[in-house]
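The values are calculated or read from the model by the stated rules, or taken from the named source; none is laboratory data. Computed from a predicted structure; not experimentally measured. Glycine gets a Cβ as well: all are built from the backbone with ideal geometry, and neighbour counts include every protein chain shown. Note: areas computed on protein heavy atoms with side chains; ligands, DNA, RNA excluded. Shrake-Rupley method; radii C 1.70, N 1.55, O 1.52, S 1.80 Å.
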Amino acid sequence: MRTGRISEHGFLADGHSAALVDRAGAVNWWCPPRFDGPSVFGRLLDDAAGHWSIRPAGEFTSTRSYLDDTLVLRTVFTTATGTAAVTDALALEPGARGHRIGLQSPRVLARVVEGLSGEVPMRVDYAPRFEYGRVNAYLTETDGVIGATAGACRLELRANVPLTCGEGAASGRFTARPGSTHHFTLGYAPTYRAGAPALPDADQVLADAVAGWRSWADLHDYHGDYRDLVRRSAMVVQGMTYGPSGAVVAAATTSIPEKLGGDRNYDYRFVWLRDFSLTLQALWLAACPDEADRQFSWVARAMGRIGDEPVPIMYGVEGERDLTEHGLDHLAGYAGSRPVVIGNEAWRQRQTDVLGEVLDAAWLMRYYLDPMSAEVRQLLHDLADQAVGEWRRPDAGMWEARDVERHYVSSKVQCWTALDRAVRFGTRIGEPADVARWAAARDEVRAAVLRRGWNDRVGAYTGAFDSDELDASVLIMPLVGFLPAADPRMRATIDLMERQLSRNGLLRRWDGDPAGFLICSFWLAAGLAEAGELDRARRLFAQLAARVNDLGLYAEQIDEATGEQLGNFPQAFSHIGLINAAGRITAAAGRLGGRTGAPAGPTHEMEDQGA
């Protein structure tokens, strides 16, 4: 049975890794060591790369939902003879609650089948394939536990229904009746480390996961507009967080294409500094300041002491820098889209926007950084110094162009952001002479962007200096405080973007982009709100909110004609965009209508201190 489209999947997480489960009860993706580890189920990328399905033996329909305030997934199957439910969860550490969840998860996937009405013949098909489908392990059964070991990976599956081992797979049949429960626990462990995989009771795994996720949700209550959407998106971002370090990965998957059959297929299971400031804003708006504090601490450790070399723009979840990309040529690819890759060559790129991302994040976190350590002070000082020189150089831009470097406007704007925040920090991170140098460079950058970023022929700020091409990345200009959204040229840019790059509420990054890019669409909604166009912002937000799948999840892009979700999934950037746009709309409504209760969050409209 072929796997469904990416939007047909639900998302499970445990603070180390993620599993994706489709409507038919098949686990089609799981990389148990950590988010960017090798898969044991990889059917997303090739039918032969492993899966684990539990579903009715005959025809069925299914509905599903998360248990309230959790990432525990319940799928109800309806057949001609009855109904049954499968509840799935990745295990959290027993007893872990609140901010402790995800720190020491046991790498266990639990599934419980309940009969609800009538009789439902069910089937189990378990086909693990290690190393992204390269390795077909021998399966052995001992005392009711099915073991699979090959290379560095060891899996053990315990079930209270009989399963028969075959050539690299196991299968079984059973019948779900009212009051019956059937339990499955799958544990992972490295082959050559002490200890077998954990195999806790499946009911206990579900109970702990429910309690753990709800305890986290209870600590975070957003009070602005679109509360349910924001809370769900905040939980998705938390699910994308690698617990031991606090780093948020961009997505749980690799090589899901931006266009079906296309070759823009990348590995997103890493951490981008590009996303950093926006992630912090989203976590703060969603009432998660403790997670924001951990995020900044992780970045400071990952970056270490920097010199004159370009700042690395992305990292592994524990701060690794070498993310060399290579192909998995044995895999057919999602919907036949190749190449399939692991690693991401963008780690080698120069992207000067990251300077602004980190300094902006530091400014947002300034009260948490007081008193500031010598290490953080030196990091912020050195980043500001880099911006003084780097703003004049071309780079790969935030969309990580792999052809030639250009003078991207958004990169210049973020260099301005770096220098502006450094000036605001003032003598807390530099000497008076440093602050004066940063202020002079900031003013130079601003003048250059206003002169060379604006194109009279086009009537808008364009994607690169002296270019005629629109690029949605310039929508960050009002969001970082470079220009007010109501500035006539900024308003003209917003309006032209909406007319020329938007269709059905979805904004493409540039003319020719294969699909609408969700965070850009949310930037447009936020820009409209900032410009006082609250009704337009709300209409656009409603259109975008209607694009989530049935579980409230987004991929990276959406086809404007078909509505199909495209790109890696779930995409943290898309959910971050939703949270921040909701906060901007809430704040704008408060300003325009005199409302109170706008969500508390970080702002850029703060006094310069020490400048």
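In the chain, a dipole from Cβ-located charges (positive for Lys and Arg, negative for Asp and Glu) runs towards its positive end, and of 333, 285, 73 it is 73 whose Cα lies farthest in that direction. Segment residue 192..residue 59, full-extension length gain: 43.6 nm, with 0.36 nm per residue of separation and the alpha-carbon distance subtracted. Shown here is the pair-distance distribution of region 270-388: with all Cα-Cα distances grouped in 10 Å bins from zero up to the longest one, the shares run 13, 39, 29, 14, 5, 0 percent.
In this structure, residue 264 and residue 466 have a Cβ-Cβ separation that, at R0 = 30 Å, corresponds to a calculated FRET efficiency of about 0.70. Positive end of the dipole of the chain (Cβ unit charges, origin at the Cα centre): among 542, 271, 532, the Cα lying farthest that way belongs to 542. Among the protein heavy atoms of the chain, carbon and sulfur supply 49% of the accessible surface, probe 1.4 Å, non-protein parts ignored.
Compared with the alpha-carbon gap, the fully stretched path from residue 510 to residue 433 is longer by 23.6 nm at 0.36 nm per residue. The overall shape of region 24-76, judged from the alpha-carbon gyration tensor, is oblate: a/c is not under 1.5, and a/b is no greater than b/c. Give the shape of region 472-567 as rounded, prolate or oblate, defined through the alpha-carbon gyration tensor: a ≥ b ≥ c are the square roots of its eigenvalues, a/c under 1.5 means rounded, and otherwise the shape is prolate if a/b is larger than b/c and oblate if not. Prolate is the answer for region 472-567, as a/c is 1.5 or above and a/b outweighs b/c.
Convex hull of alpha carbon positions in region 269-311: directionally averaged projected area 3.5 nm². Return one number: the angle in degrees, 0 to 90 and rounded to the nearest 10, between the long axis of the Cα atoms of helix 374-390 and the longest principal axis of the Cα atoms of the chain. Tilt of helix 374-390: around 60 degrees. The label-point distance for residue 345 and residue 309, in a model that sets each label 7 Å from Cα toward Cβ, rounds to 2.0 nm. Calculated [222 nm] ellipticity per residue, helices only, for the chain: -10000 deg cm²/dmol; basis is -39500 (n - 2.57) per DSSP H run with n ≥ 4, divided by all residues, nearest 500. Here the dipole of region 101-202 is about 220 debye; that uses its Cα centre as origin and unit charges on the Cβ of Lys and Arg (positive) and Asp and Glu (negative). Per residue, the accessible area of the chain comes to 35 Å² when a 1.4 Å probe rolls over the protein heavy atoms. Under Stokes-Einstein, with the Kirkwood radius over Cα pairs as Rh, the value for region 65-155 at 4 °C and 1.567 mPa s is 80 µm²/s. Comparing 178, 307, 207 along the charge dipole axis of the chain, the residue lying farthest to the positive side is 178, per the Cβ-charge model.
Modelled this way, with points 7 Å down the Cα-to-C-beta line, the labels at residue 218 and residue 392 are 5.8 nm from one another. Counting only Cβ charges, +1 for Lys and Arg and -1 for Asp and Glu, the dipole size of the chain around its Cα centre is about 600 debye.
Cα centroid distance between region 272-309 and region 204-224, in Å? Computed from Cα coordinates, the inter-centre distance equals 23 Å. The phi torsions of region 336-348, fed into the Karplus equation with coefficients 6.51, -1.76 and 1.60 and a -60° offset, translate into couplings of x, 8, 10, x, 9, 10, 10, x, 8, 5, 4, 4, 8 Hz, rounded to whole numbers, with Gly and Pro shown as x.
What percent do you get for the relative contact order of the chain when only Cα pairs under 8 Å and 6+ apart count?
Reported relative contact order: 12 percent.
Angle of helix 289-303 to the longest C-alpha principal axis of the chain, folded into 0 to 90 degrees and rounded to 10: 80°.
Helix 534-545 and the longest principal axis of the Cα set of the chain meet at an angle near 30°.
Note on region 7-147: with charges restricted to the Cβ of Lys and Arg (+1) and Asp and Glu (-1), its dipole about the Cα centre is near 220 debye. With the simple spin-label model, which puts each label point 7 Å out from Cα in the Cβ direction, the residue 370 to residue 539 separation comes to 4.4 nm. With the radius of gyration and the Kirkwood radius both derived from the Cα set of region 213-319, what is their ratio Rg to Rh? Answer for region 213-319: 1.02. Hey, how many Å between the Cα centroid of region 468-508 and the Cα centroid of region 1-49? Using only Cα atoms to place each centre, the spacing works out to 36 Å. Stretching the chain fully between residue 211 and residue 443 yields a gain of 78.3 nm (0.36 nm per residue, less the alpha carbon separation). Under Stokes-Einstein, with the Kirkwood radius over Cα pairs as Rh, the value for region 457-526 at 37 °C and 0.692 mPa s is 275 µm²/s. Computed from these coordinates, which is mean projected area of the Cα convex hull in nm²: (i) 32.4; (ii) 26.6; (iii) 35.8? Matching entry in (i) 32.4; (ii) 26.6; (iii) 35.8: (ii).
In region 367-513, Rg over Rh equals 1.03, where Rg is the alpha-carbon radius of gyration and Rh the Kirkwood radius from pairwise Cα distances.
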